[in-house]
Each structure stands twice: as C-alpha cells, then as structure tokens.
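The structure appears below as structure tokens.
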Amino acid sequence: MVPGYSSPTPNMLAAIVIPIVATPIAYLFGKRMGRVGNGVFSFLALAIATALLWWDVGPVIQYGQVREVYSWVNLFNMEFGLLADWLSFPIAIIILSMCTLSAVYSIAYMEHEPNQENYFAFLLLFSAGMVGVILSTNLIQFYLFWELMLIPSYFLIAHWGTGRPKVIGFKYFLFTHAGAACLIFGIVWLFVVAGTFNLYELPLSLIQVDPSILRAIMILMFIGFAVKMAIFPFHSWLPDAHAEAPTPISVLLSGVMIKCGVYATARIALTFLPGVTHAVAYGLSALAVVTMIWGGTMALAQTDIKRLLAYSSISQMGYILFGLASYTMLGVAGGLFHIINHAVAKGLLFMCAGAIIHQTGIRDLKQLGGLAGKMPVTAVACLIGALSIAGTPPLGGFASEWMIFFGGFQSGYTVLAALAIIATIITAGYYLWMIKRVFFGEKPKGLEQVHEAPLTMLAPMIILTFFAVIFGIYPTAALQMFGPVAQQITQTIGGP
C-alpha cells in the first residue's frame with residue numbers, strides 16, 4: 001500500500017498527462033501554429049503541469065506524503081501509484097520548471113531549425129517521462145517512464161544535434177539502454193525474491209532474503225542508475241550527447257535528466273536496500289571521488305565550451321554520489337540539495353553557452369573573448385552559475401558542497417573527503433579560465449557586431465540566476481525538505 005495522505009485531486013497525474021496529451025497536438029498542429037506559437041503552446045502546457053504539481057505543496061507540508069493511487073494490472077496486484085514527499089516533490093518541481101524554461105528558451109534558439117513541431121512534441125514527451133520516473137511508486141511503472149524519457153531524448157539528439165548527431169545519438173541510445181537492461185534484470189530479480197513491485201512493500205518482503213542476493217540485485221540496479229548519472233567508468237556517452245545536443249536539450253540532459261539516476265539511487269538503493277548499499281558505501285565513495293577528479297581534469301583540457309560544461313557535469317555527479325554514499329545526515333542532505341543547486345547552475349551555464357553560440361556562431365573558447373561589454377547579462381549570469389558550481393559563497397553550490405564534504409569527514413572517509421575538496425580547486429580553475437577567455441581579454445576580429453541574446457533566451461537565464469543566488473543566501477527552505485529524508489535514510493542503518 002502506498003503511504004501518505006490520499007489527494008482528492010489528481011494533480012500529480014495531470015502533471016504527467018498534460019505534456020503527453022499536448023505531444024500529438026504539438027506534432028499535428030505545430031506547423032499551423034508556427035515557431036513562436038508552438039513554443040508558447042509547449043510553454044503553457046508545461047507551466048500548467050508545473051502549477052498543478054505545486055498545488056500539492058500544502059498537503060506535502062502538512063502530511064509529509066501525498067499519494068494518488070489508481071487501479072492498474074490485477075495480475076500482479078499492481079496499482080498505478082504516484083507519491084509526492086520531501087524527496088520526490090522538490091525534484092519533480094525542478095524538472096518541470098527547467099522544462100518550462102527550456103521551452104521558452106527554444107523559441108529563439110531553434111528559429112533556424114527544421115521540423116520544429118517534432119522538436120516541441122519530443123520535448124513535451126521527454127518532460128512527462130522524467131516526472132513519471134520521480135513520482136512512481138512501483139518498479140514496473142518506474143521502468144516504463146524510465147524508457148519513456150530515453151526514447152524522445154534520443155530523437156532530440158539524433159535529429160537536432162550538431163557534429164555527427166546520428167552517431168552520437170546511437171551511442172547515447174546504446175549506453176542508456178544497456179543500463180536500462182541491467183535495471184530491468186534487477187527489477188525482475190527483486191520481484192522473484194520479494195513477490196512485489198511496490199516499493200513500499202519491499203522492506204517487509206525482503207527481511208528473510210539472503211543479503212548476498214540483495215547485494216547482487218543492488219549492484220545490478222545501481223549500474224543502470226550509474227549509466228544515467230554518468231559515473232566513471234559508465235560516463236563516456238555524456239560528453240558527446242550533452243555537448244552536441246541542441247542547447248535547450250543540453251540544459252535538460254545535464255540539468256535534470258541525469259538527476260533521475262540520483263533520485264533512483266536515493267529512493268531505491270538508500271531507502272529500500274539500505275543495508276546492502278551501506279556495505280559497499282566506501283567503494284561508492286571512492287568511485288565518486290574518481291568521477292569528480294576525472295570529470296574535472298577532462299574539463300580542464302577542453303576548448304569547446306559545451307564539452308567543458310559536459311565534463312563538468314560528470315564531475316558534479318561525483319559530488320552528489322559522494323554525499324549520498326557518506327550515509328550521514330549532513331552528507332545525504334547535502335547531496336540531495338546539490339541536485340537542485342546543480343540543476344539551476346548547470347542549466348544556467350548551458351543557456352549562457354547557447355546564447356554565446358547563437359549570437360557569435362562560435363563555440364571554440366580560443367576564438368572568443370571580450371564579450372562582457374557586448375553581452376553583459378550573459379556575462380553576469382555565466383559568472384554566477386560558474387561560481388555556484390565551484391562552491392563559492394554565498395551562492396547555492398557552496399552550502400551543498402560544504403555539507404557533502406563535512407558528511408564525508410563524519411563518515412571517516414578523511415582521505416576521500418580531502419581529495420574531493422581538491423576537486424573543487426580544479427572546478428574553480430577551469431571555470432575561471434572559461435570566464436576570462438570568453439568575456440574578458442582581447443576581442444577577436446569579427447565579434448564587433450555581437451549583441452545580447454533575444455529576450456526569450458535572456459528571461460530563463462535571469463530567473464535561474466536569481467535562484468542560484470537565493471539558494472545560497474537562504475538554503476533553509478530546501479534543507480527543510482531534504483533534512484527529514486536524510487534523517488530517515490541514516491537512521492535506517494544507524495548512521496551518524
């Protein structure tokens with residue numbers, strides 16, 4: 001049985017269904033609506049879905065958990081369940097919010113691209129898949145939405161990407177579906193030993209199961225999550241996919257899609273398989289530190305602005321995994337908080353990169369320079385996003401990264417935590433070099449006529465800049481949500 005207060009209104013279901021229903025409308029009538037009309041339609045559909053989900057914030061605050069349950073498959077006694085709690089609700093909100101902003105950003109950015117009705121249709125379907133993953137309460141439903149977000153994202157990369165989009169799209173498809181295969185094998189195996197797909201029935205169903213079997217299941221499922229998160233050594237698909245996807249989709253891939261793997265790790269591995277996950281926590285922490293340093297050093301070597309940001313995302317996923325694997329209240333809360341901070345800051349940085357590419361036609365850092373005077377809003381937004389990712393006070397990234405490192409020390413992972421702090425120096429190094437190279441220094445010839453990006457691109461950037469600052473000045477709101485989740489996880493295994 002799904003826990004929590006039973007919602008009298010189907011807000012969560014509507015937040016998933018509205019983008020799905022809007023998908024064929026965008027596809028069939030997109031040409032008639034035109035580029036701007038299609039973008040506005042997609043924006044409205046996603047904005048309504050976001051507002052409906054926000055409507056549940058009161059019950060979530062009051063009851064802690066809000067559920068919607070619908071009859072589904074009688075054969076396995078499965079219900080189509082949706083749950084908003086302090087773990088799923090803020091992540092679902094940030095996903096829908098980023099999708100809404102990306103729809104607005106796409107209006108100008110995609111102005112010269114063909115088949116825009118298909119683009120916006122896939123964007124809507126992609127959004128629905130991600131939200132469905134976050135709100136699902138049984139593993140089959142979870143897996144179906146997991147696949148739903150992969151298919152449209154493949155087409156978005158393969159048909160509107162740059163470089164060799166079809167090759168890159170195929171590589172993305174191959175890696176992510178290999179991870180999905182591991183995930184479905186783990187889900188089926190878990191059903192065999194537990195007799196249920198319902199996440200909230202697992203704790204009682206797994207009491208008598210051999211821990212070695214549970215450990216094998218957890219590792220199998222974690223491989224699926226790690227591919228999505230691009231944790232080393234499952235990361236090689238990400239630099240190509242994130243760098244070559246159209247920028248509004250890079251915002252979603254790097255800002256929120258890879259967080260679905262983080263959420264799954266927190267929800268399934270840490271919450272419902274806590275004992276076996278805790279047994280391998282040091283190994284996960286070591287893997288996280290390797291991911292941090294590898295992603296950071298590779299970012300240092302990049303001259304393509306989007307590839308630099310893509311490798312940075314790999315490094316940042318290491319930060320989040322390190323926090324979760326610390327199994328301390330501070331570390332877990334910091335890792336979850338960093339989901340929000342990274343989504344805001346990295347989404348902002350990709351939007352800034354897109355604005356630069358859109359206005360200059362250049363993505364090679366060696367060919368850029370002196371743009372601060374020509375694109376002042378983009379320059380300020382990019383600087384704030386970069387400083388937040390680098391963990392600079394008083395921006396959002398500082399609070400979450402400090403909590404992650406402190407959690408590592410609390411767990412006794414002193415050497416690993418020290419290495420993780422060194423990774424932040426690498427992060428600051430490549431971001432400050434990028435800012436100096438792009439916005440300051442000598443302006444290359446041919447950039448004299450460059451001007452600021454259109455308003456539909458600037459508005460989402462300004463909004464994200466605002467939140468990057470607010471989450472640093474006032475992190476309490478986010479921590480009040482993730483604190484109880486972190487406490488529940490650490491108490492399960494008796495963590496500090």
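Which whole-number value in Å³ per residue fits the convex hull of the alpha carbons of the chain?
Details: hull volume 62.4 nm³, N = 496.
Each residue corresponds to 126 Å³ of Cα convex hull volume.
Just to be sure I follow the definition: excluding the sites themselves, where is the longest run in the chain that has none of the GluC sites (Glu not before Pro) in a DSSP loop with at most 11 other Cβ atoms within 10 Å?
That gives 1-441 as the longest site-free run.
Which percent, nearest 5, of DSSP beta bridges in the chain are antiparallel?
The antiparallel proportion sits near 85 percent.
Scattering from the C-alpha atoms of the range 230-374 alone, worked out with Debye: what is log10 I(q)/I(0) at q = 0.18, 0.20 1/Å?
Debye intensities relative to I(0), on a log10 scale: -0.98, -1.15.
Student exercise: in the chain, how many lysine pairs 8 or more apart or on different chains have Cα atoms under 14 Å apart?
Close lysine pairs found across the chain: 10.
Kirkwood-based Rg over Rh for the range 280-496 (C-alpha set), two decimals?
Values: Rg = 18.0 Å, Rh = 17.6 Å.
Using Cα coordinates only, the ratio equals 1.03.
Hey, what number do you get for the chain at 222 nm if only DSSP H runs of n ≥ 4 count, each worth -39500 (n - 2.57), divided across all residues, to the nearest 500?
Values: 20 runs with 358 residues, N = 496.
Only helices count here, giving -24500 deg cm²/dmol.
Only counting other Cβ atoms within 10 Å, I'd like Arg35, Arg164 sorted with the fewest neighbours first.
Lowest to highest Cβ neighbour count: Arg164, Arg35.
Once you have a ≥ b ≥ c as the square roots of the Cα gyration tensor eigenvalues for the range 151-261, tell me rounded if a/c is under 1.5, and otherwise prolate or oblate according to whether a/b is larger than b/c.
Prolate is the answer for the range 151-261, as a/c is 1.5 or above and a/b outweighs b/c.
At Ser71 and Ala51, where each label point lies 7 Å from the Cα along Cα→Cβ, what is the point-to-point distance in nanometres?
Placing both labels 7 Å along Cα→Cβ, they lie 3.4 nm apart.
Roughly speaking, what is the centre-to-centre gap between the range 80-155 and the range 164-195 when only Cα atoms are used, to the nearest Å?
The range 80-155 and the range 164-195 have Cα centres separated by 18 Å.
If you put +1 on each Lys and Arg Cβ and -1 on each Asp and Glu Cβ, how big is the dipole of the chain around its Cα centre, in Debye rounded to 20?
880
Take Thr392, Thr277 and order them by how many other Cβ atoms sit within 10 Å, fewest up front.
The fewest-first ordering by Cβ neighbours comes to Thr392, Thr277.
Can you sort Thr424, Thr328 so the residue with the fewest Cβ neighbours within 10 Å comes first?
Details: Thr424 21, Thr328 25.
With the fewest neighbours first, Thr424, Thr328 line up as Thr424, Thr328.
Two decimals is fine: what's Rg over Rh for the range 363-479, C-alpha atoms, Kirkwood radius as Rh?
My calculation of the ratio gives 1.07.
Which residues' amide hydrogens lie under 5 Å from the amide hydrogen of Met78, considering only partners 5 or more residues apart or on another chain, with H built in the peptide plane?
Long-range HN contacts for Met78: Val73.
So for each of 469-478, 130-139 I average, over its residues, the number of other beta carbons within 10 Å; can you give me the resulting order with the highest mean first?
In decreasing order of mean packing, 469-478, 130-139 become 130-139, 469-478.
Run the lone-cysteine check on the chain: no other Cys C-beta under 4.7 Å from the residue's C-beta.
Cys99, Cys182, Cys260
Throughout, read-outs are computed from the coordinates displayed, never taken from laboratory work. Predicted model, so just to flag it, every value in this text is computed and none were measured. Please note: Cβ atoms are built from the backbone with ideal geometry, for glycine as well, and neighbour counts cover all protein chains shown.
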